[in-house]
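What follows is a set of notes on a single structure, which appears directly below.
The values are calculated or read from the model by the stated rules, or taken from the named source; none is laboratory data. Since the structure is predicted, the reported quantities are computational estimates derived from the model, not experimental observations. Methodologically, a virtual Cβ is constructed for each residue, glycine included, from the backbone with ideal geometry; neighbour enumeration extends over all protein chains shown. Heads up: the accessible areas ignore ligands, DNA and RNA and are worked out on the full protein's heavy atoms, side chains in. Shrake-Rupley method; radii C 1.70, N 1.55, O 1.52, S 1.80 Å.
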Amino acid sequence: MDSLTLTISVTLTSFFMCMTSSMLYLRSRSETYLIDWSFASLAFLLSSLIALIGLYSESTNFLFPTIANVLNIIAHATLLSGTTKLTNNKSIPFLVIGLGILVFVLHYLDFTRSSTTARILLFYPIIISLCLGNIYFALKHMQSSRQSDLTLLVVIHSAFAIFLIVRGIYIAFFNETLQLFGNDIIQTSGSLLLLAFMFSMTLNFIFIPTWRKELELNKHSRNDYLTGWLNRRALAEIAYNLFIKSQRESKIFGAIIIDIDHFKTINDTYGHAVGDEAIKHICNQIRNCNRSYDFHFRLGGEEFLVLVDDTKEKYVRQFAHRIREKIEQTPLMLGNQKINITVSLGATTFHSTDNSWEQLLDRADKALYQAKNEGRNQVVVASKSFPTSTKHQLNMKKHLASS
Ligand SMILES: Nc1nc2c(ncn2[C@@H]2O[C@H](COP(=O)(O)OP(=O)(O)OP(=O)(O)O)[C@@H](O)[C@H]2O)c(=O)[nH]1
């Protein structure tokens with residue numbers, strides 16, 4: 001494979017990369033990091049076009065490799081800019097422009113002007129650092145969001161950085177002229193490496209927005225629009241999994257149902273919008289009392305459920321009391337006006353005699369009914385022998401059946 005064929009292949013691949021990223025952006029304009037990745041692809045395309053023209057015209061003009069290299073570094077820096085926008089909501093235009101100017105100036109130093117090897121060894125650390133930047137931001141994002149959507153990006157940049165290091169070491173320490181596919185190994189491996197990188201980045205461009213759309217759809221179908229908490233659709237799946245886990249590993253999970261007291265009065269007095277604020281306020285207070293890995297659901301208007309994994313009855317009781325106290329002590333502030341809100345809570349834990357997760361929720365619901373009946377603003381914990389069927393419980397069953 002001669003250099004011209006390889007450079008034409010790289011140009012074509014960067015053309016497809018550019019087309020793919022810009023078309024993806026035109027389809028979903030909210031994914032603004034695709035603008036940066038489209039510019040990066042355009043810079044790769046221009047870089048390979050300039051290299052191609054230089055090669056085809058057999059020009060010795062130093063401006064050809066200079067501009068091709070400047071654009072190449074700008075392309076890698078703009079890829080990083082897309083990643084920082086995706087993970088941190090910030091692009092990094094000054095770094096992109098700064099690196100472009102730096103690489104241009106470096107071309108006109110005596111030792112870089114006279115040696116291709118010196119140029120490669122000078123610019124590789126810059127590209128490797130940009131790859132490491134991509135890896136750092138992607139890993140940080142995946143750790144905080146608990147999603148693995150950027151795995152492919154991490155793999156591609158890691159593989160590319162490793163290949164660059166190996167190639168850099170080879171260029172620095174071995175100067176035998178080996179052949180690869182009928183051409184000088186340095187030339188061929190460089191083009192093949194870039195081809196593989198661009199091809200996998202194009203796949204990555206398609207993969208990331210698709211994955212994010214799917215996550216968003218999934219989130220909308222499982223989460224309540226007002227609070228962001230899980231809805232009834234998610235309840236059946238999560239409660240079933242906890243129930244199976246409790247049976248298999250003899251672990252206890254607990255349920256706390258929380259209902260705002262006299263919520264209708266809040267709505268009637270202050271209006272529906274303030275009612276919505278009150279719901280969000282209560283959710284924030286509940287969240288502040290629980291562990292981040294408990295499951296939070298909005299069961300209906302002003303009724304919430306917390307499922308507590310791997311616990312004991314005494315901890316569930318403590319949690320429930322903490323929630324009640326926190327809400328009582330933290331009024332909703334409407335400017336200078338305080339709105340005091342209280343909640344009633346019904347709690348219970350898994351018993352070995354429970355045949356289904358619904359049985360556990362029925363018991364928590366009955367306890368809630370008792371808390372309401374006994375004057376509200378209190379916690380009732382249902383033990384194994386809690387009395388059966390109430391009117392409220394039947395309502396709950398109806399709710400569950402219709403969800
Ligand atoms: N603002 C607002 N109100 C809602 C929402 N969903 C349901 N509601 C209202 O919540 C109120 C619930 O009233 P009730 O079921 O009588 O309960 P309550 O007034 O809290 O009385 P107790 O639970 O017995 O203390 C109704 O007025 C519903 O219209 C919502 O998303 N936002």
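A few comments on the model shown:
Yes/no per residue for (1) free of Cβ contacts under 8 Å to residues at least 40 places away in the same chain; (2) basic (Lys, Arg); (3) open to solvent by less than 30 Å² (accessible area, probe 1.4 Å):
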{"position": "Ile92", "(1), (2), (3)": "yes, no, no"}
{"position": "Ala118", "(1), (2), (3)": "yes, no, yes"}
{"position": "Phe137", "(1), (2), (3)": "no, no, no"}
{"position": "Leu150", "(1), (2), (3)": "no, no, yes"}
{"position": "Ser158", "(1), (2), (3)": "yes, no, no"}
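- Residues being closer than 28 Å to Arg222 by Cα, within 16 Å of the ligand (Cβ to nearest atom) and either open to solvent by 10 Å² or more (accessible area, probe 1.4 Å) or in contact with a Lys or Arg (Cβ under 9 Å, 6 or more places away or on another chain) (or both) - total across segment 306-341: 2
Conditions (1) outside the structural domain of Gln318 (by TED's automatic domain parsing); (2) of a type in the set (Asp, Glu); (3) more than 11 Å from the ligand (Cβ to nearest atom), marked per residue:
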| residue | (1), (2), (3) |
| --- | --- |
| Phe205 | yes, no, yes |
| Ile208 | yes, no, yes |
| Asn241 | no, no, yes |
| Arg248 | no, no, yes |
| Ile257 | no, no, yes |
| Asn290 | no, no, yes |
| Gly301 | no, no, no |
| Phe304 | no, no, yes |
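- On inspection, Asn218 does not qualify as under 30 Å from Phe350 (Cβ atoms), of a type outside the set (Lys, Arg), part of a helix (DSSP H, G or I) and modelled with pLDDT of 85 or more.
- Set Ser250, Ser246: member being open to solvent by less than 30 Å² (accessible area, probe 1.4 Å) and of a type outside the set (Val, Ile, Thr): Ser246
- For the residues Asp294, Asp261, the requirement of being surrounded by 18 or more Cβ atoms within 10 Å (Cβ to Cβ) and over 31 Å from the mean Cα position of the chain (by Cα) singles out Asp261.
Condition check ((1) closer than 17 Å to Ser191 by Cβ; (2) among the aromatic types (Phe, Trp, Tyr); (3) surrounded by fewer than 18 Cβ atoms within 10 Å (Cβ to Cβ)) across all residues:
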| site | (1), (2), (3) |
| --- | --- |
| Phe16 | yes, yes, yes |
| Met19 | no, no, yes |
| Leu26 | no, no, yes |
| Leu45 | yes, no, no |
| Ile53 | yes, no, yes |
| Thr60 | no, no, yes |
| Asn69 | yes, no, no |
| Ile74 | no, no, no |
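- Cβ pairs under 9 Å, 6+ apart, first in segment 342-371 and farther than 18 Å from Ile260 by Cβ and within 16 Å of the ligand (Cβ to nearest atom), second open to solvent by 10 Å² or more (accessible area, probe 1.4 Å) and small (Gly, Ala, Ser): Lys366/Ser389
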